[in-house]
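Coordinate-derived values only; no laboratory data. Everything numeric here is computed off the predicted structure, so don't read it as measured data. Neighbour counts run over all protein chains shown; Cβ positions are idealised from the backbone, glycine included.
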Amino acid sequence: MQKNSHNSGYLLVLILVFGAIFFAIISSFIGFVVTQHRVQEATYQKERALEIAEAGLNYYRWYLAHNPDDVTNGTGVAGPYVHTYADPEGADIGEFSLAVASSTYCGDVYAIDITSTGSTYDNPNLTRSVYARYARPTVAEYAYIINSNVWAGDDRVIVGPYHSNGIIRMDGTNNSTVTSGQESWSCDSSEMPCSPYSNWSTTPAVYGDGPNSDLWTYPSTPINFTGLTVDLAEMQDKAQNAGGVYIGPSGKSGYHITFKGNGTFDLYTIKSKQSEPNGYAWGRYLNIVKSAQFTGNYAIPTDCPLIYVEDQVWLDGVVGRRVTLAAADVDSTGVDPSIILNGNITYNSDDAGLLAIAEYDVLVGLVVPTDMELNGIFVAQNGHFGRNYYDTSMPNAWETYIYRNSLTINGTIVSNGRVGTKWTCGGTYCSGFNTRYNSYDRDLVSKPPPLTPDTSDTYQFVEWRENN
């Protein structure tokens, strides 16, 4: 009997031990299930909160479509503006809170910034926040917009959409879409090579030896170049009456403007240019400054960073903020000033951006660096963007500048006429830049300089991101 008593004790101990282990396992499993349920519920609530936050952006997009430029949600007072959010059955399940602000230059709203924070009523402490910029799309979305036939040579590397309302021969490397507003043309070899087609044969609107032909599209919707052009009279008015900088006619040969990188620019009056002898330059324009007088250093206004010059401009320097420069004379018939890109134009901050608009041409000068860098949006409203053809018969002091090594453009070219910065003679490189690299500037897509030409009248989200 004593032996059985010992066995019963051992059995009881085993039952207690294994019972405790089983209880611990069950408790842990239940705890795990509960924790996982809470995690899944929190994840679900966070996803619902994100949906609600996005609904807030869409709501205010709808609101702006009916109430343009209203950043107070119809209240007339500062936000935030809180709205309930209902499920498909009509039950309120959460809310979004909106913070709305406008970006204004020269008295005009050019973008509206919206931050929407969403949460559910089941777990209001779990929030998600999204930000969007609402604006009209601009030319900054493109590497090129051209209003005529164009030939992109085999040295060209182009990053960003490339559009022409005319015919495109693409021998370069395009890393984005190439679109033409035409369907075909009867190829004229005097304008550009027709190969692999024959002269006067029907040729596709986009053709050539470029490697990425799968990105070529034609016909595409033409871009209304007339709609792209800037109202230069309005720019003059804003420079004179809305806080910009107005620079009147020089009475001489124009001005030289150098951006200083600190929110200012140096202004020089061009007293004289180098003489323009026949035969040295296509169009006979050397665009070399012979003498200039320092006029002063001027601040670029913060609220209206617009410089309007009623004369020809030689331009270079370091840009430190977003600024627009226009060279135009809307008061004089037959006088259409140009911009001469006289040297490198670079940025020294992430907030920098340049829009340079000429009533006529935007030209790269003769005396420029052999490896040249240009940053900005360059618009030749009635003329073209390019570099003149310079003949080797010119004096030795200038002849060394005929051949330049490379041209890097970060931004956008908008040109009414055909673009050209390299010249070939009988198929051989004879003037201009040997290699060219062009890339659109993604930063200028969401935050362009003031008065950048729009490509559509329809507002859209040009930037969207979730806030951390």
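A few comments on the model shown:
- Debye-sum result for segment 348-458 in log10 I(q)/I(0), which assumes one identical scatterer on each alpha carbon, at q = 0.14, 0.16, 0.18, 0.21 Å⁻¹: -0.63, -0.79, -0.95, -1.18
- Difference of contour (0.36 nm per residue) and Cα-Cα distance, residue 397 to residue 91: 102.1 nm
- Computed log₁₀ I(q)/I(0) - Debye formula, equal Cα scatterers, no solvent, segment 290-340, q 0.29 Å⁻¹: -1.25
- Computed over the alpha-carbon pairs of the chain, the distance histogram in 10 Å steps reads 4, 17, 23, 19, 13, 8, 5, 3, 3, 2, 1, 1, 0, 0 percent, short to long.
- Compared with the dominant principal axis of the Cα atoms in the chain, helix 232-241 is inclined by about 80°.
- Within the shell defined by Cβ-Cβ distances under 11 Å, the residues around residue 349 carry a net charge of -1, with Lys and Arg each +1 and Asp and Glu each -1.
- Total lysine pairs under 16 Å (Cα atoms) in segment 229-452, excluding pairs fewer than 8 apart on one chain: 5
- For the chain, the longest site-free run once chymotrypsin sites (Phe, Trp or Tyr not before Pro) in DSSP loop states with at most 15 other Cβ atoms within 10 Å are removed: 201-468
- Here the Debye sum runs over all C-alpha atoms of segment 39-145 as equal scatterers in vacuum, and log10 of I(q)/I(0) at q = 0.15, 0.21, 0.24 Å⁻¹ comes out as -0.68, -1.06, -1.25.
- Förster-model FRET efficiency, 30 Å R0, residue 50 and residue 373, C-beta, rounded to 0.05: 0.15
- Extension gain, residue 202 to residue 299: 0.36 nm times the residue separation minus the Cα-Cα distance gives 29.4 nm.
- Under Stokes-Einstein, with the Kirkwood radius over Cα pairs as Rh, the value for segment 229-452 at 37 °C and 0.692 mPa s is 186 µm²/s.
- Between 0 and 90°, nearest 10: helix 2-66 axis offset from the chain longest Cα axis: 30 degrees
- Beta bridge orientation in the chain: antiparallel %, DSSP, nearest 5: 40 percent
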